[in-house]
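The values are calculated or read from the model by the stated rules, or taken from the named source; none is laboratory data. What you see is a predicted model, and the numbers here were worked out from it, not measured in a lab. Because the Cβ atoms are built from the backbone with ideal geometry, glycine has one as well, and the counts that use them run over all protein chains shown. All accessible areas refer to the heavy atoms of the entire protein, side chains included, with ligands and DNA or RNA removed. Shrake-Rupley method; radii C 1.70, N 1.55, O 1.52, S 1.80 Å.
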Amino acid sequence: MSESINTVKPEPPKGVGPLQKRETRLAWGLLSPTLISVALVVLLPLLAIFWISVKPIGLSDLRPVEPNVYERFRGKAKEVGDEIKIEYRLTNRSKEKPIGQVTLTDVLPAGLAVQSVPEQCTLNGRDLFCELGDWEPGYKERLRIPVVVTEIYLANPEGMRDYPAEMTGISSSDLFNANFTFDNFTKVFDSDEFVEVLWVTIFYTVFGTIGALVVGMMAALLLNKSFAGQGFIRGLMLFPYVAPVIAVAFTWVTLFDPFSGSANALLIQMGAITEPINFFGEKPLALISVTVFEIWRYFPLSFLFILARMQSIDADMYEAARMDGASPFQQFWYLSIPQLLGILSVLFLLRFIWTFNKFDDIFLLTGGNAGTRTLTVNVYEQAFALSNIGAGAAVAVVIFLCLIIFSFFFFRYVSREEGL
């Protein structure tokens, strides 16, 4: 008679064990320096820009609103009994914000006999204390205290700055208070120039990015062969990218100058034009010129990555295609392009973001004039030329949102090849 034996499968332990908890704490502990560094370098400046964008502040508002004092002696102490005056110059440097409950505290130099003090001040030994009340914006006042010089002071003279005066007061700052406004964004979007600036930015970014990829691919196709001087030519291709931007921008401006530039002189001598062309000073030629400069300056980056990817493609595929009668164009279109889609996608993403944020090239070439003002140039003009920090931060937020939208659609629809 057989007995049935019931086998019970062991169940995995439920919950998190002490060892796993310890490993989790260790992992977070190891990652915490990296997370803190990322927060300090990336997140905090980003949050600061969002905060400032909803604040109606200018450059002057970044300075704290506080009472200011400048103290000095009026008169010279030469002999015992000379009468001099201690003077305090009091100012509220803010032209818009008042300061309340202002006080002044100071220690007078030893050996000076005080004759009288202002009515809002009291003197306890050498300790001076003044209740100065509330100050209106731009408030200015001078307090003078007459003193008589004694022998003690002449034996060991002390200046007023040996004991710096301390000022206190209560004031509110638009930068740190809880008042928020969307006036900065209203100014940005209601501006007649915003649509034009956005269009210029998109044109410059799209054509600059695609042009750099196309020229970089053409250069990679030409140099994807072995020949004498190959290393030198490849190194020469990197010159536009590694050269200082100030140097190459100044060279382009000088080369295409309408009065003394070599390009205009050569075109006139060849009979191609009858009068000089202002490449960086006329619409829409200026925008085309800065876009061409962008393509020329940054195609070496695409060239390097595309060439490296081309050299990693198996040559047997091309040999088999040639034996099957494929033309060079068919080999490029049906063999090379599918293999390059991954690196082209990465390059397009990086170049688009970098070009959209590009400021120095356009600013050095045209200063944003002649229809070349992009969003980044607009940030500079709003924040520093017009001293409107809030509006500049609002434009920066618009740039951030545009790049977020672009990144969403890019990762939503881009090819998933090569790990994308």
Output the residue which, of all residues in segment 280-324 that are within 14 Å of residue 219 (Cα to Cα) and basic (Lys, Arg), is nearest to the chain's Cα centre (by Cα).
297
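Which ones in segment 248-295 are among the aromatic types (Phe, Trp, Tyr), touching a helix residue (DSSP H, G or I) at 6+ places or on another chain (Cβ under 8 Å) and open to solvent by 70 Å² or more (accessible area, probe 1.4 Å)?
Quick first cut of segment 248-295, residues among the aromatic types (Phe, Trp, Tyr) only: 250, 252, 256, 259, 279-280, 293.
If we keep only those that are touching a helix residue (DSSP H, G or I) at 6+ places or on another chain (Cβ under 8 Å) too, we end up with 250, 252, 256, 279-280, 293.
Matches in segment 248-295: 250 only.
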Qualifying residues in segment 167-181 (those that are in contact with a Pro (Cβ under 8 Å, 6 or more places away or on another chain) and farther than 22 Å from residue 392 by Cβ) - the one surrounded by the fewest Cβ atoms within 10 Å (Cβ to Cβ):
168
Checking residue 337 against (1) free of Cβ contacts under 8 Å to residues at least 12 places away in the same chain; (2) of a type in the set (Val, Ile, Thr); (3) more than 21 Å from residue 301 (Cα to Cα), the condition it does not meet:
(3)
Single match in 165, 178 (criterion: of a type in the set (Gly, Ala, Ser) and in contact (Cβ under 8 Å) with a residue 60 or more places away in the chain)
165
Out of the residues in segment 364-379 that are within 18 Å of residue 245 (Cβ to Cβ) and touching a Lys or Arg at 6+ places or on another chain (Cβ under 8 Å), state the one that is surrounded by the most Cβ atoms within 10 Å (Cβ to Cβ).
374
Take segment 304-362 and flag every residue that is polar (S, T, N, Q) and in a helix (DSSP H, G or I).
311, 330, 331, 336, 339, 345, 355
Tabulated pairs, segment 187-205, first at negative phi, second open to solvent by 50 Å² or more (accessible area, probe 1.4 Å), C-beta under 7 angstrom, 6+ apart or interchain:
197/373; 200/373
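Name the residues in segment 44-96 that are part of a loop (DSSP other than H, G, I, E, B), open to solvent by 40 Å² or more (accessible area, probe 1.4 Å) and of a type in the set (Val, Ile, Thr), would you?
Looking only at segment 44-96, we keep the residues that are part of a loop (DSSP other than H, G, I, E, B), and these are 54-59, 63-66, 75-82, 93-96.
Narrowing further to those that are open to solvent by 40 Å² or more (accessible area, probe 1.4 Å): 56, 59, 63-64, 66, 75-76, 78-82, 93, 95-96.
Scanning segment 44-96 gives a single hit, 80.
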Restricting to segment 113-163, and then to whatever is outside any loop (DSSP other than H, G, I, E, B) and of a type in the set (Ser, Thr, Tyr), can you tell me which residue is nearest to the chain's Cα centre (by Cα)?
122
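Could you list, in sequence order, the residues of segment 361-409 that are at positive phi and free of Cβ contacts under 8 Å to residues at least 60 places away in the same chain? Walk me through it before giving the result.
First, pick out the residues of segment 361-409 that are at positive phi: 367-368, 370-371, 387.
Correct list: 367, 368.
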I need the full set of residues from segment 212-247 which are closer than 30 Å to residue 370 by Cα and surrounded by 20 or more Cβ atoms within 10 Å (Cβ to Cβ), in order please.
212, 213, 216
Looking only at segment 342-354, which residues are over 22 Å from the mean Cα position of the chain (by Cα), buried (at least 17 other Cβ atoms within 10 Å of the Cβ) and among the aliphatic types (A, V, I, L, M)?
343, 344, 347
Return only the number of the condition from (1) closer than 30 Å to residue 391 by Cα; (2) open to solvent by 30 Å² or more (accessible area, probe 1.4 Å); (3) not hydrophobic (A, V, I, L, M, F, W, C) that residue 184 does not satisfy.
(2)
Going by the structure shown, is residue 148 touching a residue at least 24 places away in the same chain (Cβ under 8 Å), open to solvent by less than 40 Å² (accessible area, probe 1.4 Å) and within 20 Å of residue 74 (Cβ to Cβ)?
yes
What is the number of the single condition among (1) of a type in the set (A, V, I, L, M); (2) modelled with pLDDT under 90; (3) more than 28 Å from residue 318 (Cα to Cα) that residue 290 does not meet?
(2)
Log entry, pairs with first residue in segment 230-249 being in a loop (DSSP other than H, G, I, E, B), second being surrounded by 10 or more Cβ atoms within 10 Å (Cβ to Cβ) and at pLDDT 90 or above, beta carbons closer than 6 Å, six or more apart or on different chains, reads 238/300
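Per-residue answers, yes or no, for (1) within 30 Å of residue 373 (Cα to Cα); (2) open to solvent by 50 Å² or more (accessible area, probe 1.4 Å); (3) out of contact with any Pro (no Cβ under 6 Å at 6 or more places or on another chain); (4) of a type outside the set (Phe, Trp, Tyr):
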{"residue": "306", "(1), (2), (3), (4)": "no, no, yes, yes"}
{"residue": "316", "(1), (2), (3), (4)": "no, yes, yes, yes"}
{"residue": "320", "(1), (2), (3), (4)": "no, no, yes, yes"}
{"residue": "323", "(1), (2), (3), (4)": "no, yes, yes, yes"}
{"residue": "329", "(1), (2), (3), (4)": "no, yes, yes, no"}
Scanning segment 104-145 for residues that are of a type in the set (Gly, Ala, Ser) and touching a residue at least 24 places away in the same chain (Cβ under 8 Å), the one surrounded by the most Cβ atoms within 10 Å (Cβ to Cβ) turns out to be 111
Segment 219-238, residues that are within 38 Å of the chain's Cα centre (by Cα), closer than 16 Å to residue 315 by Cβ and among the small types (Gly, Ala, Ser):
220
